[in-house]
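What follows is one structure encoded as C-alpha cells, with my remarks underneath.
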Amino acid sequence: MKFSAVRDLAPVSWITSTPLVLVVHPSVPAKTVPELVALEKKRPGVLTAGVNTIGSTSHLSAEMLKQFAGVAHIIVPYKGGGPALIGLMSGETDYLFATAPSAMPHIRSGKVRAIAVTTEKKASAFPDLPTMSQFYPGFTADNWYGMFVRSGTPQPIIAKINTEILKALKTPTVIKFMADEGLDPVGSTPAELAALLRREIAKYGKTIEVAGIKL
C-alpha cells in the first residue's frame, strides 16, 4: 500500500462485525473443532485447507490454526471466496475458513458442514456455533467494516459522521439488512476503532511473521 492506515486515515466508527465460518466437506469425519484438530494430529500434513487468496483473513485463519493448535495442513490458495467454496464442495479441499455471507446458503443446503465461527463473540447469524476462541483463547478473525476519513479532517466533522452512523445502526432497515447478510452491527467511538486497528495490525503481523508469508 502507498499509504499508512494508521497515519493517513482518521477513524470514525467501527460499523459491523462478521465472522469467518470454519466449514468442512461432508466427507470429513469431524463435527467439532477438537475432532478436526485430533484428525489433523493423527494424519499430519494430509488434510488440505482451502483459502480465499494468499494474505486474506481466510488464509491467515488457516495459518493461525496451525500456530494455535500445533497442527500441519496443506494450504490450497484460490482466486477468491467463490472458487474456494466450489473447491471445498467438490472435495478438492477438506475445509475452509469462509466468509459468512458466501457460506450461509451452502451450510443451509448441507453441501458443507459448519463447526465454528472466528469472531470473539458468538455471531447472531450462527447462534449455535461455538467460537474458535472457546478452544484457543486469542484465536479471532473478524471481517469487520469501519468508516475512516482522511487524516486531518476536522474533529467536529468526524463527530457528526460518527453520530449519524450510530443512529443509522439502530434503524430497523439497517438492522434487518445486516441480519440478512450475516453481519452484526457494532458502532463505536473513533478511539475504539483506532484501538481495534492497532490490535489487528499487531495480531496479523505476528501470524504473518511466524508463518513466513511473503508478498
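The values are calculated or read from the model by the stated rules, or taken from the named source; none is laboratory data. Owing to the predicted nature of the structure, the values given are computational and were not obtained by experimental measurement. When we count neighbours, we look across all protein chains shown, and the Cβ atoms used for this are built from the backbone with ideal geometry, even at glycine. Calculation scope for accessible area: heavy atoms of the full protein, side chains included, ligands and nucleic acids excluded. Shrake-Rupley method; radii C 1.70, N 1.55, O 1.52, S 1.80 Å.
How large, in percent, is the carbon and sulfur part of the accessible surface of the chain at a probe radius of 1.4 Å?
Values: 6820 of 11160 Å².
Taking all protein chains in place, the chain shows 61 percent carbon and sulfur surface.
Secondary-structure-derived ellipticity at 222 nm for the chain, considering helices only, amounts to -13000 deg cm²/dmol, per-run term -39500 (n - 2.57) for DSSP H runs with n ≥ 4. With loop defined by DSSP as not H, G, I, E or B, and exposure as at most 14 other Cβ atoms within 10 Å, which is the longest segment of the chain clear of exposed trypsin sites (Lys or Arg not before Pro)? The longest uninterrupted stretch comes out as 122-169.
How much accessible area per residue does the chain have, in Å², with a 1.4 Å probe?
Value returned for the chain: 52 Å² of accessible area per residue.
What is the gain in length, in nm to one decimal, between LYS2 and LYS160 on full extension, counting 0.36 nm per residue of separation less the C-alpha to C-alpha distance?
Working: separation 158, 0.36 × 158 = 56.88 nm, distance 2.84 nm.
Value of the extension gain: 54.0 nm.
For the pair ILE175 and ARG150, the difference between a 0.36 nm per residue extended length and the Cα-Cα distance amounts to 6.3 nm.
With the charge dipole of the range 103-169 set up from +1 on Lys and Arg Cβ and -1 on Asp and Glu Cβ about the Cα centre, the Cα lying farthest toward the positive end among the listed residues PRO105, TYR145, LEU166 is that of PRO105.
How high is the relative contact order of the chain, in percent, counting Cα pairs under 8 Å that sit 6 or more residues apart? Working shown, then result.
Details: 379 pairs, mean separation 72.4, N = 215.
It rounds to 34 percent for the chain.
The length gained on full extension between GLN67 and LYS121, counted as 0.36 nm times the residue separation minus their Cα-Cα distance, comes to 17.3 nm.
Residues whose amide H falls under 5 Å from that of ILE15, counting only those 5 or more places apart or on a different chain, are TYR145, GLY146, MET147, GLY187, with hydrogens built in the peptide plane.
Under a 5 Å amide H cut-off, with hydrogens placed 1.01 Å from N, VAL51 pairs with VAL76, TYR78 among residues at least 5 apart or on other chains. Apply the a/c threshold of 1.5 to the C-alpha gyration tensor of the range 161-215 and tell me whether it is rounded, prolate or oblate. Oblate shape, in that a/c is at least 1.5 and b/c is the bigger or equal ratio.
Using the Kirkwood radius built from alpha carbon pairs, what does the Stokes-Einstein equation give as D for the range 16-100 at 4 °C and 1.567 mPa s, in µm² per second? Intermediate values should be presented prior to the final figure.
On the way: Rh = 12.6 Å.
Calculated translational D: 103 µm²/s.
A convex hull fitted to the Cα coordinates of the range 1-42 yields 166 cubic angstrom per residue.
Averaging 1/r over each pair of different alpha-carbon atoms in the chain and inverting the result gives 18.2 Å, the Kirkwood hydrodynamic radius.
Candidate cross-link partners of LYS160 among the lysines, defined by an alpha-carbon separation under 28 Å and a same-chain spacing of 8 or more, comprise LYS170, LYS176. One quarter of the surface of the convex hull around the alpha-carbon atoms of the range 86-177 equals 8.8 nm², the direction-averaged projected area. Across all C-alpha atoms in the range 108-161, the radius of gyration and Dmax reach 17.4, 50 Å. For LYS41, a cut-off of 30 angstrom between C-alpha atoms picks up these lysines, skipping any fewer than 8 places away in its own chain: LYS31, LYS66, LYS79, LYS111, LYS121, LYS122, LYS203, LYS206, LYS214.
Our summary gives the range 116-215 a relative contact order of 21 percent, counting only alpha carbon pairs under 8 angstrom and 6 or more residues apart.
The modelled label-to-label distance for the pair THR189/SER90, using points 7 Å beyond Cα in the direction of Cβ, is 5.1 nm.
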